[in-house]
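> Before anything else, here's the structure in question.
The values are calculated or read from the model by the stated rules, or taken from the named source; none is laboratory data. Note that the structure is predicted; figures quoted are calculated from it, not measured. Backbone-built Cβ (ideal geometry, glycine too); neighbour counts: all protein chains shown.
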Amino acid sequence: MAARLAPRSSRAWLTAVSRGRGPPLLPRPPWAGLLPAARSLGAAAMSSGPLWRSEGFVGGGWVKAPAVFPVRNPATGAELAQVADCGVAEARAAVRAAYEAGAAWSAVPAKERGVLLRKWHNLMIENKDDLAKLITAENGKPLREAQGEILYSAAFLEWFAEEARRIYGDIIPSSAKDRKSLVLKQPVGVAAIITPWNFPSAMITRKVGAALAAGCTVVVKPAEDTPLSALALAELANQAGIPAGVYNVIPCSRQQAPAVGELLCTDPLVAKISFTGSTATGKILLRQAADTVKRVSMELGGHAPFIVFDSADVDKAVSGALASKYRNSGQTCVCSNRFLVQKGIHDAFVEKFAQAIKKELRVGNGFEEGTTQGPLINEKAVEKVERHIDDAVSQGASVVTGGKRHSYGKNFFEPTLLSNVTTSMLCTQEETFGPLAPVIKFNTEEEALAIANSANVGLAGYFFSRDPAQIWRVAERLEVGMVGVNEGLLSAVECPFGGVKQSGLGREGSKYGIDEYLEIKYVCFGGLQ
Ligand code: NAD
């Protein structure tokens, strides 16, 4: 424990992000092995090879769509691929394929489903470097972080390969002498899965691993910015021997997403919707799923508070803040979005946080060695960060460091720290989803909790304190689904991921994640005397 809480030195937080024990620095340039064009950092990287797929994957085969849409590298704007723009017809066909495969898949013994998931995991590990390069190309995150995501993503397949065999029912002591009461757990059926671009691989396996282990079949609609990782996973699922129709992928453009989403939410053959993305989209899907009363899991937006109490170790708080805020350039739903710092430690924290940002973060192309901050996903995301900063500064906030677009390119933004921030500013009222850390000064624990809990969402929350009584009090009172105590990174496959309030419904990963794909059936045996 002591070692985990030790201050993280330069780049060490990135190592933790890449699951630490993750890959060492590569002996050759990370883009070696890609096509020549890719060596110019960001041209059309990897436009061939077995993992490079641009068609949909339905019923075990690659399918075209009437149209295609471009997928671009957010670092350079270069086109990476023209991907099948699946519409309602393709979505319906995918649902049908998943439905038809369902009976056979749910009858496969749990152990064998686990073996197939494990094979899929092993193939991900064998291909981890290429899969990571795909993520960096389509999402922009630094290659080191992408490598970490692939290990994290594969670990969900491994975890649920093991959990498949632990789907136990129950025998309930009956109150009637001539009855026996049993509980069976059964797969819900076809699960439609809609995922975001910020973790192009892990957001898929976290859902699909649980679904397949439970005996469900799936239709995945990946984000339009990052469909290539989902399609590479389809290729590997196929190689692993996952039967036709069990894992289907229907990429589509943003223009098609509402129609495809509506089909998935209303088709009676779909039993379950699992979504990760914004709260606004989640609400649309919830409404659409209501008519056919589908099961739903929603992993929605966050607005994580990061509280530093006077009793905190300031260096550890700074390390935690750096990791929690700037991973994936601030584009994770568990990124700290509001820093609440008690008045006694405030000045020291702000000064050291600013120093650490300047010393440890480097903006650049994700394929470049040493980059810690890749581009934001698109210009809209950059504009939102700008809007939040302009609003805060116009109301009296001070820019401690950063504050503007980075000279590297139009989607790049300087890691930014604001002080003198108040709760009336936009950046403390909604998720920024970018590299902006606004610091609010507070006086008392009550005040910090009131600010933290004033949000209508509650995904993750973090605080730093060395007072054991305060640690218990605050951990219990924070209105969030996940709490980091003296820790800025908390995701782990064996721990439940999810939020309260408008951050969503249900939990993913962990022993609880599989329940989202299981029905409880009560069986009453009568006349037994
Ligand atoms: P988004 O909601 O715009 O898009 C997410 C997915 O939904 C994409 O696949 C998109 O194509 C699809 N989509 C959009 N509109 C749709 C519609 N009308 N019908 C069907 N599908 C539709 O979110 P985003 O911009 O991709 O991701 C950023 C947001 O996601 C942030 O708010 C972040 O907090 C949240 N997020 C949450 C988690 C979590 O686990 N809670 C994880 C990652 C991201």
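> I'd like to verify a number: residues in the range 422-469 that are hydrophobic (A, V, I, L, M, F, W, C), surrounded by fewer than 23 Cβ atoms within 10 Å (Cβ to Cβ) and assigned to a loop (DSSP other than H, G, I, E, B), how many?
1
> Quick one: in the range 259-305, which of the residues that are more than 7 Å from the ligand (Cβ to nearest atom) and part of a loop (DSSP other than H, G, I, E, B) is nearest to Glu90 (Cα to Cα)?
Among those residues, the one meeting the criterion is Asp267.
> Could you tell me whether the range 344-351 includes any residue that is in contact with a helix residue (DSSP H, G or I) (Cβ under 9 Å, 6 or more places away or on another chain), of a type outside the set (Lys, Arg) and either at pLDDT below 95 or part of a loop (DSSP other than H, G, I, E, B) (or both)?
Looking for residues that are in contact with a helix residue (DSSP H, G or I) (Cβ under 9 Å, 6 or more places away or on another chain), of a type outside the set (Lys, Arg) and either at pLDDT below 95 or part of a loop (DSSP other than H, G, I, E, B) (or both), one finds none in the range 344-351, hence no.
> In the range 478-503, which residue that is over 14 Å from Gly302 (Cβ atoms) and without any contact (Cβ under 8 Å) to a residue 40 or more places away in the chain is surrounded by the most Cβ atoms within 10 Å (Cβ to Cβ)?
Val485
> If I filter the range 162-175 for residues that are surrounded by 20 or more Cβ atoms within 10 Å (Cβ to Cβ) and at pLDDT 95 or above, do I get at least one hit?
yes
> Residue check, Thr195 against (1) touching a residue at least 40 places away in the same chain (Cβ under 8 Å); (2) over 29 Å from Asn378 (Cα atoms); (3) not charged (D, E, K, R), all met but one. Which one?
With respect to (1) touching a residue at least 40 places away in the same chain (Cβ under 8 Å); (2) over 29 Å from Asn378 (Cα atoms); (3) not charged (D, E, K, R), Thr195 is out only on (2).
> Just name the residue that is nearest to the ligand (Cβ to nearest atom) out of those in the range 218-258 that are part of a helix (DSSP H, G or I) and among the small types (Gly, Ala, Ser).
In this case the residue turns out to be Ala257.
> Tell me, which residue of the range 352-381 that is within 14 Å of Asn328 (Cα to Cα) and outside any loop (DSSP other than H, G, I, E, B) is nearest to the ligand (Cβ to nearest atom)?
Top of the filtered list is Ala381.
> Given (1) crowded, with 24+ Cβ neighbours inside 10 Å; (2) under 21 Å from the mean Cα position of the chain (by Cα); (3) not polar (S, T, N, Q), where does Ala381 come up short, assuming only one miss?
(1)
> Would you point out which residue out of Glu386, Glu445, Glu430 is away from the ligand (no atom under 16 Å from the Cβ) and either closer than 30 Å to Asn365 by Cβ or not acidic (Asp, Glu) (or both)?
None of the others qualify; the one that does is Glu386.
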